[in-house]
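Notes follow the structure.
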């Protein structure tokens, strides 16, 4: 879109960008800029993800099993480096 077209149709340009489109602005056939949608905040993306995916009731059990495995891997035993 030329700079003149963008200026004359600025509300439409903003609507397009708001709906996810990238608008490239040119002057004399050369790209001079872009209007890009603003990235949504992390909180908004997290809320969307939580709405889209149902909770897994076994997730807490899985985490506890992992914790138990990690705890079992560490002891108070002091080991020396093997001779190579």
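Between residue 59 and residue 4, 0.36 nm times their residue separation minus their Cα-Cα distance comes to what?
14.3 nm
If you bin every alpha carbon distance in the chain into 10 Å steps from zero, what whole percent lands in each bin?
13, 20, 15, 14, 12, 13, 9, 3
Relative to the first principal axis of the alpha-carbon coordinates of the chain, what is the inclination of helix 42-52, with its axis defined by its Cα atoms, in degrees from 0 to 90 and to the nearest 10?
The answer is roughly 80 degrees.
With the crude spin-label approximation of a point 7 Å out along Cα→Cβ, what separation in nm comes out for residue 28 versus residue 46?
Between residue 28 and residue 46, the simple spin-label model gives 4.9 nm.
Can you give me the angle between helix 59-73 and the longest principal axis of the chain, using Cα atoms only, in degrees from 0 to 90, rounded to the nearest 10?
Tilt of helix 59-73: around 50 degrees.
Using only alpha carbon pairs under 8 Å that are at least six residues apart, calculate the relative contact order of the chain and give it in whole percent.
18 percent
Work out, step by step, the length gained on full extension between residue 79 and residue 17: first 0.36 nm times the residue separation, then minus their alpha carbon distance; give nm to one decimal.
16.2 nm
Rule-based calculations on the coordinates, nothing more; no lab input. If you're wondering where the values come from, they're calculated on a predicted model, not measured in any experiment. Glycine also receives a Cβ, built like all others from the backbone with ideal geometry; neighbour counts cover every protein chain displayed.
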